[in-house]
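Engineer: To start, I am sharing the structure in question, which I have written as structure tokens.
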Amino acid sequence: MELVVVSVLGADRVGIVAGIASVLARHNANIVDISQTVVRDIFSMIMVVDVSKADVDISQLRRELEEEGKRLGVMVGVFHIDVFKYMQRI
């Protein structure tokens, strides 16, 4: 598996999970794990996504997820899991 971490943060509204998941599904990226919560109307979500069978590279997937995030009014971050783990060590 080639894993990436997708983080989403913003004001809660209908359709955030569906919007982000639809971009992933369109590119054959599989959600392996997901956690989401809402605290005082602030939505946060972390997904671990397998992109080993995706039809785009991580850079293109990041661009499309960020575009979808803008449309939804949320911030989206996409990091290869190795980069994410390394960032957490600093």
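Each row is one residue, and each column tells you yes or no for (1) open to solvent by 70 Å² or more (accessible area, probe 1.4 Å); (2) within 17 Å of residue 18 (Cα to Cα); (3) modelled with pLDDT under 95.
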| residue | (1), (2), (3) |
| --- | --- |
| 72 | no, yes, no |
| 77 | no, yes, no |
| 80 | no, no, yes |
| 85 | yes, no, yes |
| 90 | yes, no, yes |
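Engineer: Something else about it: Which of the residues spanning the stretch 31-44 are surrounded by 15 or more Cβ atoms within 10 Å (Cβ to Cβ) and of a type in the set (S, T, N, Q)?
Structural biologist: Filtering the stretch 31-44 down to residues surrounded by 15 or more Cβ atoms within 10 Å (Cβ to Cβ) leaves 31, 43-44.
If the condition is that a residue be surrounded by 15 or more Cβ atoms within 10 Å (Cβ to Cβ) and of a type in the set (S, T, N, Q), then 44 is the only one that fits.
Engineer: Please enumerate the residues belonging to the stretch 27-50 that are among the hydrophobic types (A, V, I, L, M, F, W, C), touching a residue at least 12 places away in the same chain (Cβ under 8 Å) and over 15 Å from residue 69 (Cβ atoms).
Structural biologist: 29, 31, 32, 34, 38, 48, listed by residue number.
Engineer: Determine, yes or no, whether residue 20 is β-branched (Val, Ile, Thr), without any contact (Cβ under 8 Å) to a residue 60 or more places away in the chain and surrounded by fewer than 17 Cβ atoms within 10 Å (Cβ to Cβ).
Structural biologist: No: the conditions fail for residue 20.
Engineer: Which condition breaks for residue 50 when tested against (1) within 22 Å of residue 83 (Cα to Cα); (2) among the charged types (D, E, K, R); (3) exposed (fewer than 13 other Cβ atoms within 10 Å of the Cβ)?
Structural biologist: With respect to (1) within 22 Å of residue 83 (Cα to Cα); (2) among the charged types (D, E, K, R); (3) exposed (fewer than 13 other Cβ atoms within 10 Å of the Cβ), residue 50 is out only on (3).
The values are calculated or read from the model by the stated rules, or taken from the named source; none is laboratory data. Computed from a prediction, not measured in an experiment: that's the story for all the values here. No Cβ is skipped: glycine too gets one built from the backbone with ideal geometry, and neighbour counts run over all protein chains shown. Each accessible area value is taken on the protein alone, full model and side chains, heavy atoms only, with ligands, DNA and RNA left out. Shrake-Rupley method; radii C 1.70, N 1.55, O 1.52, S 1.80 Å.
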